[in-house]
Amino acid sequence: MTNFFDVSLLWPYFRQIVKGLPVNIGLFLIITLLALILGLISGMARLKHVPVLKQIFGFFIHYTRGTPMVIQLFIIYYGLPILVKGLFGININTWNPLIYVVVAYVLNSSTFYSDAIRTSIVSLGKNQFEAGLMCGLTSLQTYRRIILPQAFFIAYPTISINACVLICDMSLAYLVGVSDVVGIATTLGKRTYHLLEAFIVAMIIIVLLNFALHLGSRLFEKRLEISSVRGKSNGNI
Amino acid sequence: MGTFKPEYIIVHILNGLKYWHVTFALAFIPCTLAVLIGLSIAIGRFFGHKGVSMLGSFFMMTSKSVPSILLMFVLYYGVFAIVRPLAQHFPDVISAKSIKAFPIALFSLTITNLGFVTETMTSATRSLNKGQLEAALMSGMTNFQAIHRILLPQIMKEALPNLCNNYTASVKLSAIAFTISVVDMLNGALIETYKNLSYLECYLGIAILYWCLVFCVERLFHFFEHLTNKQERKVILYD
């Protein structure tokens, strides 16, 4: 082997590796959606001091804050089949590794979203909730129509930063055999002994994806601001 | 795999603890280096230096958008791509086998930490008043003295809570060094799993170790914060 870095390989590699991009984007969307839902549930449970749930979610927050993502991923990868077999007697060893990745990352990022949502609800104050109840709404309606839209607006910057971190963190998923961008780059590089080129291409793709996400979140934030201003002016008139 | 034996967890914790020094080095050296560089960048920004400011934003962008694991791979294989042709031409001077993964891991972790630490330090300097610097210079201090006696204590006090986050993040980040075959706590324990294939127990044991480490770092920083608050109270009393 004489050629250690071949620039002409970059374009064919790019065309191969970019095929993993839909997996990345799909995983990202599913994880963010599920993590937001779980984060909302755990944030509300901790806010309302629901007896058992509060302790469980508190434990999970300490666990995800204190341990590296690689280890969390592998604990789910090896632990979930044993747990499910012990509890329900179902063998899930043959399931797609995507499921383990989704579970691990949802648990990890839901704790961050949970804190973001909880603090934003606290920062709104009690007045909003009381005013909603006074108008004759039930407490569920108050949350859905009054509290949560405002809380989401406050929590949005934190959520978008965590989404960028998630895109970067998700490149660890290749370790459990997911063929996303990094996974394809690894297999391609190991087969052809040109790992450096493959990883450079994968890095470029992830950085571009991250920039696109950043731009998208900026635009969305602007729209949120516009809509909130409109809402406020309507309310005042 | 199949059955879960809790007694292996302790075995793996003991196996991992043999390599505690590697994990300590990977966790704390990059972040401390990043603090030193980030501090100089932040002070340069405070003095209004354009080039330093651009460098700082470049580091922030790199840390945020480049996955740390890919950066590590590119640096690792990049060093090989540079050294291998050299080794072919000068076989006596240098050989590809002499490359160690550990310094490369240190370097790449430093770059990843640098952006976040720079942001911490910059936000700490933003809380400072520019009048502080002018007053120090007016009273006859040199630039260095003003930084050393007036700016630095205030910056560090402001930055402490965020630095705690940076250090815990650095501890957690250091775990990915096992992907380029650095033998740290995780890899040291994983090597021993071939005996009984107890992967889950191994990862659980190492998770407990990291958890303890992060907890200790947090306690340490709370203690520092407590100390600085105490000092401040004393100063106020003397006034």
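Each value in this text was obtained by applying a stated rule to the coordinates, not by laboratory testing. Everything numeric here is computed off the predicted structure, so don't read it as measured data. So basically every Cβ, Gly included, is an ideal-geometry build from the backbone, and we count neighbours across all protein chains shown.
Of the residues making up segment A:13-28, at least one is under 16 Å from A:S110 (Cβ atoms) and surrounded by 15 or more Cβ atoms within 10 Å (Cβ to Cβ). The set of residues in segment B:67-88 that are buried (at least 19 other Cβ atoms within 10 Å of the Cβ) and either touching a residue at least 40 places away in the same chain (Cβ under 8 Å) or more than 10 Å from chain A (Cβ to nearest Cβ) (or both) comprises B:S68, B:I69, B:L71, B:M72, B:F73, B:Y76.
Suppose the filter is away from chain B (no Cβ under 12 Å), part of a loop (DSSP other than H, G, I, E, B), without any contact (Cβ under 8 Å) to a residue 40 or more places away in the chain and not hydroxyl-bearing (S, T, Y); does A:I99 pass it?
no
Could you please find all residues in segment B:112-129 being surrounded by fewer than 19 Cβ atoms within 10 Å (Cβ to Cβ) and either hydrophobic (A, V, I, L, M, F, W, C) or in contact (Cβ under 8 Å) with a residue 60 or more places away in the chain (or both)? Of everything in segment B:112-129, just one residue is surrounded by fewer than 19 Cβ atoms within 10 Å (Cβ to Cβ) and either hydrophobic (A, V, I, L, M, F, W, C) or in contact (Cβ under 8 Å) with a residue 60 or more places away in the chain (or both), namely B:L128. Within segment A:54-94, the set of residues being surrounded by fewer than 16 Cβ atoms within 10 Å (Cβ to Cβ) and touching a residue at least 12 places away in the same chain (Cβ under 8 Å) comprises A:G58, A:I92, A:N93. One residue stands out among those in segment A:120-134 that are surrounded by 12 or more Cβ atoms within 10 Å (Cβ to Cβ) and without any contact (Cβ under 8 Å) to a residue 40 or more places away in the chain: the one that is nearest to A:L47 (Cα to Cα), which is A:S120. Only a single criterion out of (1) closer than 29 Å to B:A159 by Cα; (2) more than 23 Å from the chain's Cα centre (by Cα) is not satisfied by B:I82, namely (1).
The C-beta contact set for segment A:135-158 (first residue surrounded by 12 or more Cβ atoms within 10 Å (Cβ to Cβ), second residue acidic (D, E), distance under 8 angstrom, 6+ apart or interchain) comprises A:Y156/A:E221; A:P157/A:E221.
Could you identify the single residue in B:I41, B:I29, B:I13 that is aliphatic (A, V, I, L, M), more than 14 Å from chain A (Cβ to nearest Cβ), surrounded by 17 or more Cβ atoms within 10 Å (Cβ to Cβ) and within 26 Å of B:L220 (Cβ to Cβ)? That would be B:I41, the only listed residue that is aliphatic (A, V, I, L, M), more than 14 Å from chain A (Cβ to nearest Cβ), surrounded by 17 or more Cβ atoms within 10 Å (Cβ to Cβ) and within 26 Å of B:L220 (Cβ to Cβ).
Against the list (1) within 14 Å of chain B (Cβ to nearest Cβ); (2) buried (at least 16 other Cβ atoms within 10 Å of the Cβ); (3) β-branched (V, I, T); (4) within 15 Å of A:F28 (Cβ to Cβ), the condition A:I161 fails is (2).
Consider B:L36 carefully, then state whether it is within 14 Å of chain A (Cβ to nearest Cβ) and either touching a helix residue (DSSP H, G or I) at 6+ places or on another chain (Cβ under 7 Å) or outside any loop (DSSP other than H, G, I, E, B) (or both).
no
No other residue among A:V18, A:V84 is more than 10 Å from every other protein chain (Cβ to nearest Cβ), part of a helix (DSSP H, G or I), under 30 Å from A:M203 (Cα atoms) and of a type in the set (A, V, I, L, M) apart from A:V18.
Of all residues in segment B:135-183, those being of a type outside the set (A, V, I, L, M, F, W, C), more than 24 Å from B:I37 (Cα to Cα) and either away from chain A (no Cβ under 14 Å) or crowded, with 18+ Cβ neighbours inside 10 Å (or both) number 3. Look at segment B:211-235: where a residue is farther than 11 Å from B:C164 by Cα and a partner is of a type outside the set (F, W, Y), sitting 6+ places away or on another chain with Cβ atoms under 6 Å, you get B:W211/A:G66; B:W211/A:T67; B:L213/B:V171; B:T228/B:K157.
Assess whether B:T23 counts as being farther than 30 Å from A:I205 by Cα and either crowded, with 19+ Cβ neighbours inside 10 Å or in contact (Cβ under 8 Å) with a residue 60 or more places away in the chain (or both). Spelling it out, B:T23 is indeed farther than 30 Å from A:I205 by Cα and either crowded, with 19+ Cβ neighbours inside 10 Å or in contact (Cβ under 8 Å) with a residue 60 or more places away in the chain (or both).
Scanning segment B:184-198 for residues that are of a type in the set (A, V, I, L, M) and surrounded by 17 or more Cβ atoms within 10 Å (Cβ to Cβ) yields B:M185, B:L186, B:A189, B:L190.
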